[in-house]
Amino acid sequence: MTHVVHRPHPHDSGPLHVTGTAPYVDDLPTPANALHACFGLAPVGHATIDTLDLSAVWAAPGVVDVVTAADIPGENNAGPVIHDEPLLADGTILFPGQALFCVFAETRLAARKAARLFTLESTELPALTTVDEAVEAHSFLHGPLVFERGDVSKAIEDADHSSSSRLYIGGQEHFYLEGQGSLALPSADGLHIISSTQHPSEIQDLVAEALNISAAEVTVEVRRMGGAFGGKETQAAPLSIIAALGANRTGRAVRFRLDRDDDFVLTGKRHDFRADIRVGFDASGLIKGVDGILASRCGYGHDLSRAINDRAMFHADNAYFYPALELTSLRAKTHTVSNTAFRGFGGPQGMMLAERLVDKVAAAVHRDPLDVRLANLYNETDRSVTPYGMTIEDNVLPQLMPQLAETSDYRARRAAIIDANASAGRSPVRRGIALTPVRFGISFTTSFLNQAGALINIYKDGSILLNHGGTEMGQGLFVKVAQVAAEVLGVGLDDVKISSTRTDKVPNTSATAASSGSDLNGWAAKLAALELRNRLTAFWCAEQGIDGGLTFAQGRVSTEDGQSWPFAEVVRAAYMGRVSLSATGYYRTPKIDWDAKTGQGRPFLYFAYGAAVSEVEIDTLTGANRVIRADILHDVGRSLNPDIDHGQIEGGFVQGMGWLTMEELVYSARGDVLTHAPSTYKIPCASDRPDVLNIDLFDNANAEDTIFKSKAVGEPPLMLAISVHSALAHAVSSFSPRGRWPDLDAPATAEEILRTIATERTQAL
């Protein structure tokens, strides 16, 4: 019987968060004699660098050092996979705002002032800045990925009905509360870097490569991040590399943080997509064939675009079986900042294609979209194989979706909304409602990342120190993994102390991403704790002459016949008996078998499921819209910590709302990000939360052997917000002719809603 896992526990840093006392990178005391870094940013777009005069920069007050690409002793690279992202521009400017050089000065203000004093002469080069431009020019980072099954052309031609549409899906800025920041500290042992990053080992490797030193000479430490959402998986690296370079050159500590404007300009975002869809279906709405193209704006370099676009393809079916299909992924190369990981990692964009086509089908056959969704779900018999060859074995949506429809009173509310819209007359208010599902694959699609390590030390007094490769960004990973260690060792949660993530404690860590933090690090910690428990059991049984096993629970070690000792007493005796009280654990995800070359295999261990009902209201005079109510039923397996999971679901849903309704990235013709501050880029605030938000956990132990039968919860809830976009389209459809679903793009801003209403009114004439 458990007493720590499957129970609510507060976030380990909760009191520090709410009192404002949790220290982040920029809160750490600035070391004496420290320098401050600042990039000099290109004021032009794609261009050659003819001359770059830094004499005024060098002469500015407080400047100690200035570096360009020529000053990097090793590799001038910040690209994580394919090394095509220069740390500092070298001969060619690849996107507006690219870093040309870096200043190191006595104060941050001095560095920022000096970084603006350069003179640049350049020659403009042709620039591709949009998905449409890049696709037309056949500008791609690498070849397409294609999923094929059956004869899709024949399937669509033979179907009772067909429909086609084009959907533009906007990008999204991460807008973490804590911006990018790093502190590099030189020492006799090498470099100690404290960074706000999701991937300490990657920074360790990139710093070593740039400085031409060994990874063993670089230690990267992360205690917490003030949000990340994928934006600190690769994008944290340039600051740490540059800070390390400055520390290495000067022998002084270097602090480097970006302000919000520079962060917007320099860092990648969620990929924006263009989805072209053609679908054939019968008179009941059963899908017969799907022909789709997903084209994304990747930017000038690869970053993680290949894996992100792969995942978009993995989720372009969402919850639905396509008997015949041809799905193509185009990875557009543009002269804009390289886009990067963002919560969902391409999955949300793929799901948008799936939900748009189902809504189109439902409108065409005059059926409730929920009924069409249920009819097209995967099953576990004849409709169970995905386009990439993985068999669905754990689908709970046939049970989960009807349950949510009943508890939310979806059917009655939809009927009432349709009646109200039909009788609205001259009223500008229209409402909409939608129930959409989520089926999200859990595991890194880059197979070698599916591994993790942990280190547990038990001290003589019985206290426990836990270290693992995961990073804490507010999501509650640390408390969940601590719960696992406490459960296995039979102690209270307060007895397990959580330490910073450090590359010198647990090496070769994977990024905390892909919703796999608890799956990977939880299992690694469990295996380390089991090793220690087994050592203590063997020692104490021999010491006491006990036949049989021992039970570790509630801070005591007990026998089957009722003998019992305090955990600390057993530990102390084990130390005196020369038993090692330190252990590592290592875990690798089983069953992963994905071949990127053939586009076939098993990229995921399991799927997380969920569904949401969203009700919205729009003002057809202004385009203003709001979410009135949302009901969510989400599958987290057997939750390690229900309170933490509830928080993740609510936060993910609201962040998804922002992406699909208000967060609009606007670019100039040459690729400048024009919305680069809170004044022009709007994220949801407390008032945007639905007036009524009901969240329930679906009771479902994971079919796979995950940590205590739990399921990932980091990314999947974001995609529940697709129900908001579908509901907005439903509201707009009150102006559409019968059988037509509006082509509402994302984000559904006020302007986009007004544009779509005008289009629908024209169609109705």
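Between VAL265, VAL337, which is over 17 Å from VAL152 (Cα atoms), surrounded by fewer than 21 Cβ atoms within 10 Å (Cβ to Cβ) and of a type in the set (A, V, I, L, M)?
VAL265
Kindly indicate the residue of the range 342-387 that is β-branched (Val, Ile, Thr) and assigned to a loop (DSSP other than H, G, I, E, B) and also nearest to the chain's Cα centre (by Cα) among those meeting that condition.
Ranking the qualifying residues of the range 342-387, first place goes to THR386.
Which residue, of ALA42, ALA60, is out of contact with any Lys or Arg (no Cβ under 6 Å at 6 or more places or on another chain), buried (at least 22 other Cβ atoms within 10 Å of the Cβ) and closer than 30 Å to SER668 by Cβ?
ALA42
Residue by residue, here is whether (1) part of a helix (DSSP H, G or I); (2) on the phi > 0 side of the Ramachandran plot; (3) under 33 Å from the mean Cα position of the chain (by Cα); (4) at pLDDT 95 or above holds:
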{"site": "PRO61", "(1), (2), (3), (4)": "no, no, no, yes"}
{"site": "ASP65", "(1), (2), (3), (4)": "no, no, no, yes"}
{"site": "ALA70", "(1), (2), (3), (4)": "yes, no, no, yes"}
{"site": "GLU75", "(1), (2), (3), (4)": "no, no, yes, yes"}
{"site": "LEU100", "(1), (2), (3), (4)": "no, no, yes, yes"}
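Identify, from the list GLY299, GLY292, GLY268, GLY280, the residue that is at positive phi and at pLDDT 95 or above.
One residue alone meets the criteria, GLY299.
The rows are residues; the columns are (1) assigned to a strand (DSSP E or B); (2) at pLDDT 95 or above.
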position: LEU660; (1), (2): no, yes
position: LEU665; (1), (2): no, yes
position: ALA677; (1), (2): no, no
position: ILE683; (1), (2): no, yes
position: SER687; (1), (2): no, no
position: ASP696; (1), (2): yes, yes
position: ALA701; (1), (2): no, yes
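At least 2 residues that are buried (at least 18 other Cβ atoms within 10 Å of the Cβ) and touching a Gly at 6+ places or on another chain (Cβ under 9 Å) in each: list the strands (runs of 3 or more DSSP E) lying fully within the range 578-640 that qualify.
Strands (runs of 3 or more DSSP E) meeting the threshold: 582-588, 606-619, 625-635.
Show me the strands (runs of 3 or more DSSP E) found entirely inside the range 413-496 where at least 3 residues are in contact with a His (Cβ under 8 Å, 6 or more places away or on another chain), in the same structural domain as SER723 (by TED's automatic domain parsing) and not hydrophobic (A, V, I, L, M, F, W, C).
429-442
Can we say GLY246 is in a strand (DSSP E or B), at pLDDT 95 or above and in contact with a strand residue (DSSP E or B) (Cβ under 7 Å, 6 or more places away or on another chain)?
For GLY246, the condition - in a strand (DSSP E or B), at pLDDT 95 or above and in contact with a strand residue (DSSP E or B) (Cβ under 7 Å, 6 or more places away or on another chain) - is not met.
Pick from the range 110-121 the residues that are in contact (Cβ under 8 Å) with a residue 60 or more places away in the chain and part of a helix (DSSP H, G or I): which of them is surrounded by the most Cβ atoms within 10 Å (Cβ to Cβ)?
Filtering first and then ranking leaves ALA111.
So, in the range 286-309, how many residues would count as being buried (at least 24 other Cβ atoms within 10 Å of the Cβ) and either in the same structural domain as ALA354 (by TED's automatic domain parsing) or not in a strand (DSSP E or B) (or both)?
Residues meeting the conditions: 7.
Among residues belonging to the range 175-188 that are assigned to a loop (DSSP other than H, G, I, E, B) and out of contact with any strand residue (DSSP E or B) (no Cβ under 8 Å at 6 or more places or on another chain), point out the one that is farthest from PRO31 (Cα to Cα).
Among those residues, the one meeting the criterion is PHE175.
Which is crowded, with 19+ Cβ neighbours inside 10 Å, among the acidic types (Asp, Glu) and either out of contact with any Ser or Thr (no Cβ under 6 Å at 6 or more places or on another chain) or at pLDDT 95 or above (or both), of GLU85, GLU106?
None of the others qualify; the one that does is GLU85.
Inside the range 30-59, can you point out the residues that are in a loop (DSSP other than H, G, I, E, B) and either aliphatic (A, V, I, L, M) or in contact with a Cys (Cβ under 9 Å, 6 or more places away or on another chain) (or both)?
Those that are in a loop (DSSP other than H, G, I, E, B) and either aliphatic (A, V, I, L, M) or in contact with a Cys (Cβ under 9 Å, 6 or more places away or on another chain) (or both): ALA32, ALA34, ALA42, VAL44, LEU54.
For the range 1-22, enumerate the residues that are touching a Leu at 6+ places or on another chain (Cβ under 8 Å) and under 22 Å from GLN198 (Cα atoms).
The one that is touching a Leu at 6+ places or on another chain (Cβ under 8 Å) and under 22 Å from GLN198 (Cα atoms): ALA22.
The values are calculated or read from the model by the stated rules, or taken from the named source; none is laboratory data. Since the structure is predicted, the reported quantities are computational estimates derived from the model, not experimental observations. Don't worry about glycine lacking a Cβ; one is built from the backbone with ideal geometry, like all the others, and counts go over all protein chains shown.
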